[in-house]
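To start, the structure under review is shown below, and the notes come after it.
Rule-based calculations on the coordinates, nothing more; no lab input. Note that the structure is predicted; figures quoted are calculated from it, not measured. No Cβ is skipped: glycine too gets one built from the backbone with ideal geometry, and neighbour counts run over all protein chains shown.
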Amino acid sequence: MQDYEINPDNFSGVMLLDALIYIKNEQDASLCFRRSCGEGVCGSDGMNINGKNGLACITPLNSLSNHVTIRPLPGMPIIRDLIVDLTNFYKQYEKAKPFLQNSKPIPAKERLQSPKSRSKLDGLYECILCACCTSSCPSYWWNPEKFMGPAALLQSARFILDSRDDSTLNRLENMNDSYSMFRCRSIMNCVDVCPKGLNPTQAIGNIRSKLIKNNF
Amino acid sequence: MKINERSYDAVIIGGGGSGMRTAMEISKNGKSVAVISKVFPTRSHTVSAQGGITAALGNMDEDNWHWHMYDTVKGSDYLGDQDAIEYMCKAGPEVVYELEHMGLPFSRNDQGKIYQRPFGGQSKNFGKQGQATRTSAAADRTGHALLHTLYQQNVKLKTQFYSEWFAIDLIKSVTGSIAGVIAICIEIGELLYIRSKVVILATGGAGQIYKSTTNALINSGDGIGMSLRMGIPMQDMEMWQFHPTGIAGSGVLVTEGCRGEGGYLLNVNGERFMERYAPNAKDLASRDVVARSMSLEIRNGLGCGRNKDHVFLKLDHLGSDLIKQRLPGIRDLAMTFAGVDPIKTPIPVIPTCHYMMGGIPTNRFGQVISIQNNGNESILEGLYAVGECACVSVHGANRLGGNSLLDLVVFGRAAGLHVLEEINNISNPVVSPEDIEYGLNRYLRWENNKNGEAFHNIKSEMQDIMQNDFGVFRTGKFMEEGFKKIAKLRDRLKEAVLPDKSKIFNTSRIEALELDNLMGVATTTAMSALSRTESRGAHSREDYTERDDKNWIKHSLCFEDDKIAYREVNMQPLTVEKFPPIKRTY
């Protein structure tokens, strides 16, 4: 652990990311972290802040104690400082086959979807892949190779619940083993930390009941 | 210095909307393509686009691509090329349907069609029948939905990504064509020559030249810098869009869709002041017009807040349901960055640097245009540019809201298709060791500079100068001084030092390399702005307040050595009648 002392009056900006940038510019150029949009949409700056995963760019300094402990996202190999290796996280995302599958001929215009059907995607499509949820999940810590983790499962749900996708049975079958999805123990750390206010546990529950109803 | 080499048919630099749309087209047709992205692709800045993508689908109201074309030409203040604008507007509906077929989760209207909202500068029947409703949206997260959808399609197509790799410089072949790029793997610091028959630059914007910007920290104009160093001039760099509604203080974007949904701006007296400046379109006038009006209100002492330095964007009258359904992301951002819930309280906003209309000159197939010493234009073999870094030019002096996501997919696709047509005719380029060494110069300069100032101060000084002297309003005197200061900074940058020279995930090294590129953007912006002695679109001069069609319907070109040249605006569309310049009112 390395200690830095800063005075928030010495820089502009009110978020934790602003403080990290200030430290990098003024105190320690070697401090490394990912960052980009600065508004909680790109998902680059997930980190463990006082014991809880979150995005530095939308964490106001005044919401934190005077002494802030920052660690890299837990449960993932560390590359340097606050930067973790997300290779396995992305691999699990790809396992969800995160793209629309529709075997019918492509229509000349848009496929129709009622506002009600479309609303089923709310709370699912907004994921920014920041990995705050998956890296807070004890089931993922235990079985990162086999358990897909909350972020990837949220993607599965996003396509399973899309009225335009006709690959639901394949998608369910793809997860029908004792690890891919069923390792979720509803610990709900994912819900607690998601900076976008999403609910992966609920999404997993949703797929789980679909899977059971389909009698695989 | 010996470095490893890998070979592809095509290399795309940038994993945002335009780069990934190009990649899809090339990938699905079986050619080998590598996408180099300095961030994991879904972290590219396309993700921050909010309001939507404009195309004349006619889902909410009668519409026609030709009307869209008229609005875009007028919006560009007649600096846009009408052939490219026709091409884009005509292709609009098709590319939006394609996105829908790919799975983009568009919001829907009651008939289940793609939901569209009104945006600024849109009209029906060539400005004669009031506001059009033309911008397709996925709530207020359209860019996020679009970027993730395109990434997903590339996952499906198994496109090869070099994720968290940074492109340092282009490599020229012995015949002068572009033959790949030198890139560095950020994670381990390894250099690689990626050889290819064509390179497609899709490096996005460069708003980091300004202190206050809606742009992400990664928006450093890398493609602009690389092109300038290849001797390619940048086009219309004086044209920077200031978005009317950045959140005061942080600069975070608040979509024009807020006004499209019925929100409006207020001054300190609670007056809806846009009625005075644009009696017809009001708050949905073009962005340059609204941004200037806001700045004038603030200047005239009618700003809000303790320092009277912003105005308010009022949304509460839209009702809680509409805000939660159509503008949920804006509500989050307002609560996080302004501490206000727009369901109850207006959002403090201020014009903020948002978009670079200028960039690398291209034709409508994305091919980069080079200017020879005798002034003649030619196509630079092997190089394409798409998206914000390119200047086709469809946005001219002022971009309309929702036209940038359209630009990405239309010209991303067009470039991909053109590459496919050409690629079999291109033989493997021959590259000399000197050419490769050239591509390593910049890396080695940062590696070898030992005694000098640290670079980050130079960046913040540059941002201050650009903000003060090249903002919403400009005057010759301040711009001249500003340019001199920028030129001095450029000299200092050559001597500046990278304090941390480690190999593993050294983000300082990337920031230093980015700053070289930003400096190229800043100097060409300053010189082009200084040289254009009129007001047009986003370029608004206090010493030349009028548009001067007699002398200035021409594109500015600015080279790395600050030399200025000009080229004609193409006023001739492909199939329809041209739109001659008329006075621009809203």
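Size descriptors for chain A, from the alpha-carbon set: Rg then Dmax equal 19.5, 62 Å.
Taking every C-alpha pair closer than 8 Å and separated by at least 6 residues, the mean separation divided by the residue count of chain B gives a relative contact order of 22 percent.
Extension gain for B:ASN449 to B:ASP500 (0.36 nm times residue separation, less C-alpha to C-alpha distance): 17.2 nm.
Using every pair of separate Cα atoms, the Kirkwood estimate puts the hydrodynamic radius of the range B:1-93 at 16.2 angstrom.
Could you tell me which GluC sites (Glu not before Pro) in the range B:61-144 are loop residues by DSSP with no more than 15 other beta carbons within 10 angstrom of their beta carbon? When the GluC sites (Glu not before Pro) of the range B:61-144 are filtered for loop state and at most 15 Cβ neighbours within 10 Å, B:GLU62 remain. Normalising the Debye intensity of the protein assembly as shown to I(0), with uniform scatterers on Cα atoms only, and taking log10 at q = 0.06, 0.08, 0.10 Å⁻¹ returns -0.34, -0.63, -1.04. Restricting the calculation to Cα atoms, the range A:114-216 shows an Rg/Rh of 0.95 when the hydrodynamic-style radius is the Kirkwood one. Compared with the dominant principal axis of the Cα atoms in chain A, helix A:200-213 is inclined by about 20°. Amide hydrogen proximity for B:THR133: with H placed 1.01 Å from N in the peptide plane, no residue at 5 or more positions away or on another chain lies under 5 Å.
Entry note: the range B:156-199 has Rg to Rh equal to 1.04, where both radii use alpha-carbon atoms and Rh is the Kirkwood radius.
Each label was represented as a point 7 Å from its Cα along the Cα-to-Cβ direction; for A:ASN215 and A:SER186 these points are 2.5 nm apart.
Once Rh for the range B:47-110 is found with the Kirkwood sum over Cα pairs, what is the Stokes-Einstein diffusion coefficient at 25 °C and 0.890 mPa s, in µm²/s? Here the translational diffusion coefficient equals 189 µm²/s. Here the contact order of chain A, divided by its residue count and restricted to Cα pairs under 8 Å and six or more residues apart, works out to 18 percent. Sorted from longest to shortest, the spans of the Cα atoms of the range A:13-75 along the three principal axes equal 27, 27, 25 Å. For chain B, the alpha-carbon coordinates run over 66, 50, 48 Å along the three principal axes, in decreasing order. The string of couplings for the range B:460-474 from the Karplus curve (6.51, -1.76, 1.60, θ = phi - 60°) is 6, 5, 4, 5, 5, 4, 4, 5, 6, 9, 10, x, 4, 10, 10 Hz, one whole number per residue in order, with x for Gly and Pro.
Over the range B:491-562, all Cα pairs binned in 10 Å intervals from 0 give whole-percent P(r) values of 17, 34, 22, 17, 9, 2, listed from short to long. The average projected area of the range B:343-453, computed from the convex hull of its Cα atoms over all directions, is 13.7 nm².
Against the 2.2 N^0.38 Å scaling, with N counting residues, where does the range B:284-356 land? I'd like the Cα-based Rg ratio to two decimal places. For the range B:284-356, the normalised Cα radius of gyration is 1.18. The label-point distance for B:MET335 and B:GLU94, in a model that sets each label 7 Å from Cα toward Cβ, rounds to 4.4 nm.
How big is the convex hull of the Cα atoms of the range B:515-557, per residue, in Å³? Working shown, then result.
On the way: hull volume 3.2 nm³, N = 43.
Convex hull volume per residue, Cα atoms: 75 Å³.
Axis of helix B:403-423 versus longest Cα principal axis of chain B: the two differ by about 30°, to the nearest ten degrees. Pairwise Cα separations in the range B:414-490 fall into 5 Å bins from 0 onward with the following percentages, short to long: 3, 11, 12, 11, 10, 10, 10, 12, 14, 7, 0. The alpha-carbon atoms of the range B:232-330 define a convex hull whose volume equals 139 cubic angstrom per residue.
Relative to the dominant Cα principal axis of chain B, helix B:287-299 is inclined by about 70°. Once you keep just the Cα pairs under 8 angstrom separated by 6 or more residues, what percentage relative contact order results for the range B:245-331? 30 percent.
Taking the three principal axes of the alpha carbon atoms in the range B:259-382, the coordinate ranges are 59, 36, 29 Å, sorted in descending order. Using Cβ point charges alone (K and R +1, D and E -1), the dipole size of the protein assembly as shown about the Cα centre works out to roughly 1760 debye. Per-residue 3J(HN,Hα) values for the range A:29-36, derived from phi via the Karplus relation 6.51 cos²θ - 1.76 cosθ + 1.60 with θ = phi - 60°, read 5, 7, 5, 10, 7, 8, 6, 8 Hz in sequence order (x marks Gly and Pro). In a simple Cβ point-charge model (Lys, Arg +1; Asp, Glu -1; nothing else charged), the range A:70-216 has a dipole of about 380 debye relative to its Cα centre.
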